[in-house]
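The values are calculated or read from the model by the stated rules, or taken from the named source; none is laboratory data. This one's a predicted model, so the numbers in the text were calculated from it and none came from an experiment. So basically every Cβ, Gly included, is an ideal-geometry build from the backbone, and we count neighbours across all protein chains shown.
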Amino acid sequence: MSGTGRPWIWPDAGEGRPGAAAGNDRARSPRRRTIAIGDIHGCSTALRLLIEEIQPRLDDLIVVLGDFIDGGPDSRGVIEQLIALSSRCRLVALLGNHEEMLLNAVESRSEFRYWLKLGGQQTLDSYCTYRTDIEVIPAEHVRFIRGCLNYLATDTHIFVHANYDPDAPLNRMSTTRLRWGAIKPAEVRPHSSGKTVVVGHTPQVSGEILDLGFVVGIDTNCFRGGWLTALDVATGETVQANQQGEVRRSRMAR
């Protein structure tokens, strides 16, 4: 991971691109996967199960769509897992509205109080139950969050936390829309690039993925009793895990 709220354009792996194999070795190598993970919200048990099921490989690109903290019981454990995961694959974490609130809380007492009301208290409790100051969060964890990106674009997909402007280039979209805008199925339109957009943020209370073809929503409401979703964007294969230790697999219709 690199950057502070910056965009990143990553070509899909292939000839002459990062991780490309040469000659006959390429045919024998496992397929390089691009896997998106939805809003984790402090659900470390579900994340651990998901990672175990995915079995990440060094050439895999795993995109965490943001809101990996707040609400659930163990944001500390989630960040520790993500830092460890970054050594096992090409990890990209996006900045969600909850990570934005935490970074604002570091700089402002009034923002700190606002964040506490929206899931920040549970995050602090995961570090220490008898302290209520933000300094209880290790500097390494704050650096990890500062390194999150606004969006990721590959040759075929766009990954954002929340929403997008269908007519605007990615580098001209407002961070408010990217991090806070809800997806409304009756109103959302394809992006002008023609790429499929993968989003989180808007919870699917059914626990099922929102699949509109041109946009896919994978916040499946984990910390409120639903599922944490990992989506292989090339095949449509999904793995879901929950805080109760259950795992299920399915495939999106194509």
(message) Tell me yes or no: at least one residue of the stretch 226-241 is in contact with a Cys (Cβ under 6 Å, 6 or more places away or on another chain) and aromatic (Phe, Trp, Tyr).
(response) no
(request) Please find, among 174, 126, the residue that is exposed (fewer than 15 other Cβ atoms within 10 Å of the Cβ) and of a type in the set (Gly, Ala, Ser). (result) 174
(message) Is it the case, given these coordinates, that residue 156 is within 29 Å of residue 32 (Cβ to Cβ), of a type outside the set (Asp, Glu) and either surrounded by 13 or more Cβ atoms within 10 Å (Cβ to Cβ) or free of Cβ contacts under 8 Å to residues at least 40 places away in the same chain (or both)?
(response) yes
(message) Give me the residue from the stretch 115-154 that is in contact with a helix residue (DSSP H, G or I) (Cβ under 9 Å, 6 or more places away or on another chain) and polar (S, T, N, Q) and, out of that set, farthest from residue 92 (Cα to Cα).
(response) 132
(request) With a cut-off of at least 2 residues that are on the phi < 0 side of the Ramachandran plot, out of contact with any His (no Cβ under 8 Å at 6 or more places or on another chain) and modelled with pLDDT of 95 or more, name the helices (runs of 4 or more DSSP H) lying wholly within the stretch 1-118. (result) 44-54, 75-85, 97-107, 109-115
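Residues are listed down the side, and each one gets a yes or a no for (1) surrounded by 14 or more Cβ atoms within 10 Å (Cβ to Cβ); (2) at positive phi:
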residue	(1), (2)
184	no, no
197	yes, no
207	yes, yes
229	yes, no
237	yes, no
(request) Go through (1) in a loop (DSSP other than H, G, I, E, B); (2) at pLDDT 95 or above and name the single condition residue 179 misses. (result) (1)
(request) Would you check which residues across the stretch 29-51 are within 17 Å of the chain's Cα centre (by Cα) and surrounded by fewer than 18 Cβ atoms within 10 Å (Cβ to Cβ) and list them? (result) 48
(message) Cβ contacts < 9 Å: first residue farther than 14 Å from residue 248 by Cβ, restricted to the stretch 216-231; second residue among the hydroxyl-bearing types (Ser, Thr, Tyr) and part of a loop (DSSP other than H, G, I, E, B), any location; separation 6+ or different chain. Result?
(response) 217/202; 219/202; 221/206
(message) I'd like to verify a number: residues in the stretch 46-72 that are over 19 Å from residue 121 (Cα atoms) and in contact (Cβ under 8 Å) with a residue 24 or more places away in the chain, how many?
(response) 18
(message) Could you list, ordered by first residue, the pairs with Cβ atoms under 6 Å in which the first is in the stretch 135-151 and farther than 16 Å from residue 86 by Cβ and the second is among the small types (Gly, Ala, Ser) and outside any helix (DSSP H, G or I), at least 6 apart or interchain?
(response) 150/5
(request) Report, by residue number, each residue of the stretch 138-153 that is farther than 18 Å from residue 189 by Cβ and either at pLDDT below 95 or out of contact with any Lys or Arg (no Cβ under 8 Å at 6 or more places or on another chain) (or both). (result) 138, 139, 140, 142, 143, 144, 145, 146, 147, 148, 152
(message) I'd like the full set of residues that are within 20 Å of residue 92 (Cα to Cα) and not in a strand (DSSP E or B), limited to the stretch 203-219.
(response) 218, 219
(message) Condition (residue is of a type in the set (A, V, I, L, M, F, W, C), touching a Ser or Thr at 6+ places or on another chain (Cβ under 9 Å), in contact (Cβ under 8 Å) with a residue 60 or more places away in the chain and buried (at least 18 other Cβ atoms within 10 Å of the Cβ)) applied to the stretch 95-107: is it met by at least one residue?
(response) yes
(request) Could you figure out which of (1) at pLDDT 95 or above; (2) out of contact with any Gly (no Cβ under 7 Å at 6 or more places or on another chain); (3) farther than 21 Å from residue 61 by Cα isn't true of residue 253? (result) (1)
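Here is a yes/no grid of residues against (1) part of a loop (DSSP other than H, G, I, E, B); (2) within 18 Å of residue 48 (Cβ to Cβ); (3) of a type in the set (D, E, K, R):
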| residue | (1), (2), (3) |
| --- | --- |
| 188 | yes, no, no |
| 192 | yes, no, no |
| 198 | no, no, no |
| 239 | no, yes, no |
